[in-house]
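The values are calculated or read from the model by the stated rules, or taken from the named source; none is laboratory data. As the structure is a prediction and not an experimental result, all values here were calculated from the model. Note that each Cβ is placed from the backbone with ideal geometry, even for glycine, and that neighbours are counted across all protein chains shown.
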Amino acid sequence: MTNLLRKSQSRRQFVRQTLLSAGGLLLTSVASASDQLGVTDPDAGKLDGSLAAFGKSIQGKVLLASDAGYDGMRRVLSFNPQTDKYPAIIAQCKTAQDVVRSIEFARANSLEIAVKSGGCDVMGQSVCEGGMVVDLSLLQEIELSVEDRTVRVGAGVRCGTLEYTLSDAGVVVPLACNPMVGVSGLTLGGGLGWVSGKHGMTADNVVAMDIITADGNQLRVSDEQNEDLFWALRGGGGNFGIVTAFEYKVHPLAEVYGGILVYPLEMLGEYLQFYRGIMADAPDELMIEISISSTNPPMLVTTVCYSGDESSLQAVLTPVRKFGPPIFDGLRPTKLSQITAITKEINSFVAANSKPDTGTPKESDGHYNHWRGVTIPEWTDSAINTFVTIIEKAPAGWSIGVGHYMHGASCAVSAQATPILRDEHSSSYFFNMSWGHSSQSDDSMAWVDRSIKDMKPFNRAGTYINYLSSNAPEAVADSYGANYPRLRKLKSQYDSENSFHLNRNIRA
């Protein structure tokens, strides 16, 4: 614990020094700054008057290192030594104008800019060391237009929130499988989920966006306005500015049929072969995701979602059930927003089949996580055998996921219509490790990295952007393929100084 305290103190001192040195800041007393900014940071020393003025100029909040909400807001979902960063300032923006003023303040004071929405970026690029985090989580607008069949959504909304809100109206936007994911990062990276086969990727369903560029200009982009930027934003990530609102097409979908089917972990190899075959012939309305974690005992959990007509339900389910009887069958008619809900039946099954942990309790100093994903063009027998061997030798704390199968509407769009690679029959997978003590970090992260390396011979050179766990120039270029030169040209046009570089960065 002593070492952690020393680390925290040195980091806070660094943040303080960054804040005070940026742009030659140094004027206002702590008491004055606290009054004006609403912060309670006794370690902040003296703050510049321009920072106090900035805090007063926005409708949102400015968080400094010892503010009550700072530590939680600087953390991301994949939190580990690589993503454990201490920004000098977190600007929680409540309006688009707040975002404009945040960009202006950061650039005027030579502060690095990170943009955070849902905080699910696996590389931790939505936070920065010593710069400014432009936090969009307060942008929570959801406005449904039944007549236009569109919904306007603030950049801080999470997928689960949007799905639940739309479910009452019996409509959906194609969103992520994980309700925790923010719509902003999802959309800008493409967006794959339960109904991608039927309705396309999230980015395919955007009709307009509001964006603020590096020079502070507020633009509306669509097929009719700033068309080149509209093209780039539907897959090009956060390279071109900060999107504050999205407008999506909505689709009628009152109910789906799905839930989980659970099998023994020993059947993973057989199931991946089955998955390869059934998804190759699957109707557009069927999606299956696979997840396993080191529960006691580990189990193979497959989540099925069918979004088609009820008249075809049995014809679709019959092949799904040909794999064999599951040890738990949770398929049922439900709203899309409830497809991954933990039902009472699931709770009863878990309680009846879980074994108590009889090992010695492990010392904990936090919760850490390391996640890396890639795209695989095909689950060959060799790829499956390697994957299963990795899992058999995995240490405690591991989890994996397989899915995002590319078929149907997600592949019907032309290769040049958006920047996204759309290889039919490809899918994505991830390795993840969770642990509870900082002393385990090196070994835990090494297992994930080694597993990705062992699977490299079977992976596609380019990875689905939202799964891409590298910011290396060649990795980014490979993930955009033939569309990369056009993206570079637009990057040069809209952000020539690369102010927005904490992402899967496109170099101008």
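Checking the condition surrounded by 18 or more Cβ atoms within 10 Å (Cβ to Cβ) and over 30 Å from the mean Cα position of the chain (by Cα), which residue from 319, 326, 356 passes?
Just a single option satisfies the conditions, and that option is 326.
Only one of 339, 278 is buried (at least 16 other Cβ atoms within 10 Å of the Cβ), over 27 Å from the mean Cα position of the chain (by Cα) and farther than 30 Å from residue 102 by Cα; which?
The unique qualifying residue is 278.
Determine if the stretch 423-438 includes at least one residue that is farther than 25 Å from residue 233 by Cα and of a type in the set (A, V, I, L, M).
Yes: the stretch 423-438 contains one or more residues that are farther than 25 Å from residue 233 by Cα and of a type in the set (A, V, I, L, M).
State the number of residues belonging to the stretch 454-481 that are basic (Lys, Arg) and either part of a loop (DSSP other than H, G, I, E, B) or touching a His at 6+ places or on another chain (Cβ under 8 Å) (or both).
The number of residues fulfilling the criteria is 1.
If you go through the stretch 177-196 one residue at a time, how many are part of a helix (DSSP H, G or I) and of a type outside the set (S, T, N, Q)?
4
Check off (1) at pLDDT 95 or above; (2) crowded, with 23+ Cβ neighbours inside 10 Å; (3) over 23 Å from residue 241 (Cβ atoms) for residue 47 and give me the number that stays unchecked.
With respect to (1) at pLDDT 95 or above; (2) crowded, with 23+ Cβ neighbours inside 10 Å; (3) over 23 Å from residue 241 (Cβ atoms), residue 47 is out only on (1).
Does residue 376 fit the bill of being closer than 30 Å to residue 123 by Cβ, of a type in the set (Val, Ile, Thr) and within 30 Å of the chain's Cα centre (by Cα)?
Yes.
Taking the stated definitions as given, is residue 245 without any contact (Cβ under 8 Å) to a residue 40 or more places away in the chain and either within 25 Å of residue 464 (Cβ to Cβ) or buried (at least 18 other Cβ atoms within 10 Å of the Cβ) (or both)?
For residue 245, the condition - without any contact (Cβ under 8 Å) to a residue 40 or more places away in the chain and either within 25 Å of residue 464 (Cβ to Cβ) or buried (at least 18 other Cβ atoms within 10 Å of the Cβ) (or both) - is not met.
Tell me whether the stretch 203-217 contains one or more residues that are over 25 Å from residue 102 (Cβ atoms) and in a loop (DSSP other than H, G, I, E, B).
no
Exactly one of (1) surrounded by 21 or more Cβ atoms within 10 Å (Cβ to Cβ); (2) over 27 Å from residue 148 (Cα atoms) is unmet by residue 233. Its number?
Looking at each condition in turn, residue 233 falls short on (2).
How many of the residues making up the stretch 482-507 are buried (at least 16 other Cβ atoms within 10 Å of the Cβ) and in a helix (DSSP H, G or I)?
The total comes to 8.
Could you give me the residue pairs with C-beta distances under 6 Å whose first residue belongs to the stretch 151-170 and is under 11 Å from residue 250 (Cβ atoms) and at pLDDT 95 or above, whose second residue is hydroxyl-bearing (Ser, Thr, Tyr) and not in a helix (DSSP H, G or I) wherever it lies, and which are 6+ apart or on separate chains?
Here the result reads 151/248, each pair linking the stretch 151-170 to a residue that is hydroxyl-bearing (Ser, Thr, Tyr) and not in a helix (DSSP H, G or I).
Go through the residues of the stretch 220-227 one by one and say whether even a single one is in contact with a Lys or Arg (Cβ under 9 Å, 6 or more places away or on another chain), within 30 Å of residue 507 (Cβ to Cβ) and not assigned by TED's automatic domain parsing to the domain that holds residue 321.
Yes, the conditions are met somewhere in the stretch 220-227.
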